[in-house]
1. Please tell me if B:VAL46 is under 17 Å from B:LEU146 (Cβ atoms) and touching a helix residue (DSSP H, G or I) at 6+ places or on another chain (Cβ under 8 Å).
2. Pairs needed: first member in the stretch B:95-114, touching a residue at least 40 places away in the same chain (Cβ under 8 Å); second member anywhere, of a type in the set (Val, Ile, Thr) and part of a loop (DSSP other than H, G, I, E, B); C-beta distance under 7 Å; at least 6 residues apart or different chains.
3. Find the residue count for the stretch B:54-72, including only residues that are within 15 Å of B:ASP98 (Cα to Cα) and either touching an Asp or Glu at 6+ places or on another chain (Cβ under 6 Å) or more than 12 Å from chain A (Cβ to nearest Cβ) (or both).
4. Suppose we filter the stretch B:6-23 for residues that are in contact with a Ser or Thr (Cβ under 9 Å, 6 or more places away or on another chain) and either crowded, with 17+ Cβ neighbours inside 10 Å or among the acidic types (Asp, Glu) (or both); how many remain?
5. Please verify whether B:LEU100 is surrounded by 20 or more Cβ atoms within 10 Å (Cβ to Cβ), touching a strand residue (DSSP E or B) at 6+ places or on another chain (Cβ under 6 Å), at pLDDT 95 or above and within 14 Å of chain A (Cβ to nearest Cβ), treating the condition exactly as stated.
6. Taking the condition of being more than 10 Å from chain A (Cβ to nearest Cβ), buried (at least 19 other Cβ atoms within 10 Å of the Cβ) and among the aliphatic types (A, V, I, L, M), how many residues in the stretch B:123-145 meet it?
7. Residues that are over 18 Å from A:ASN15 (Cα atoms): find the strands (runs of 3 or more DSSP E) completely inside the stretch B:1-90 holding 1 or more of those.
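The values are calculated or read from the model by the stated rules, or taken from the named source; none is laboratory data. Predicted model only: the values in this text are computed from it and were never measured. Cβ coordinates were reconstructed from backbone atoms using ideal geometry, including for glycine residues, and neighbour counts include every protein chain displayed.
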Amino acid sequence: MDVDERRAEEFVRRNLVFSGDRVGTFSIVRVERVKT
Amino acid sequence: MSVILPIELLKEAFKQAQQMPQLVGPVPPGYSVTGRLEPPSGMGWVFTGFMFGGHLADGSSIPGYNFATGKGLVWKATYANVQPLRTFVDRTFYLTSDYLYQQIFYGPRPVTKFLEVTITNTLDQTVYFSNTAFVFELPLDRIMELFAGEGR
């Protein structure tokens, strides 16, 4: 994972909201750059 | 598109309160984000539908996936199961306007281990992606009974 991917993952983690905390456990597995 | 649940599953679904967990998070342009949802210990899920939405930072709705430009959101899910149920890797959903902002009935798909979802954003801006699931929760052994024979 490069610096940009690490920053992107941090950005996603900080801003993610999950309404189902009583339903199950949510975790981010990976954030990757893709070819566009 | 709609789905009719098998009668045994329908009875079970009516007995259980259907839950609609929702996940909202940013997907930066040119990135894919993979998340994993695990049921509580000793329990499993049956998914019967999803709802997808996406907004830009200014609140405007994103357009549906455009095959001509290759721009939009792409969604893929893996329904991981303990034996003897099989792990099901779903086809790729290109989120065209047919799929955005409405309930998509499909499945039913059991999850006894975890649900893993990957969303890829090929648009030029960060998309705040919303994914609502329609699901009911059951003890693991009950799911094994209901889906017996679908494993092998």
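1. yes
2. Listed by first residue and then by second, the contacts come to B:PHE105/B:VAL3; B:TYR106/B:VAL3; B:GLY107/B:VAL3; B:THR112/B:VAL82; B:LYS113/B:VAL82.
3. Of the residues in the stretch B:54-72, 8 are within 15 Å of B:ASP98 (Cα to Cα) and either touching an Asp or Glu at 6+ places or on another chain (Cβ under 6 Å) or more than 12 Å from chain A (Cβ to nearest Cβ) (or both).
4. Let us first name the residues in the stretch B:6-23 that are in contact with a Ser or Thr (Cβ under 9 Å, 6 or more places away or on another chain), namely B:9, B:13, B:18, B:20-23.
Okay, now just the ones that are also either crowded, with 17+ Cβ neighbours inside 10 Å or among the acidic types (Asp, Glu) (or both), so B:9, B:13, B:21, B:23.
Looking only at that region, the number is 4.
5. On the way: surrounded by 20 or more Cβ atoms within 10 Å (Cβ to Cβ): yes; touching a strand residue (DSSP E or B) at 6+ places or on another chain (Cβ under 6 Å): yes; at pLDDT 95 or above: yes; within 14 Å of chain A (Cβ to nearest Cβ): no.
Spelling it out, it is not the case that B:LEU100 is surrounded by 20 or more Cβ atoms within 10 Å (Cβ to Cβ), touching a strand residue (DSSP E or B) at 6+ places or on another chain (Cβ under 6 Å), at pLDDT 95 or above and within 14 Å of chain A (Cβ to nearest Cβ).
6. 4
7. Working: elements: B:22-27, B:31-38, B:43-55, B:73-80.
Filter on the stretch B:1-90 gives B:31-38, B:43-55, B:73-80.
Here is a yes/no grid of residues against (1) within 10 Å of chain A (Cβ to nearest Cβ); (2) surrounded by fewer than 20 Cβ atoms within 10 Å (Cβ to Cβ); (3) of a type outside the set (Gly, Ala, Ser):
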position	(1), (2), (3)
B:THR96	no, yes, yes
B:PHE105	no, yes, yes
B:PRO108	no, no, yes
B:ASN121	yes, no, yes
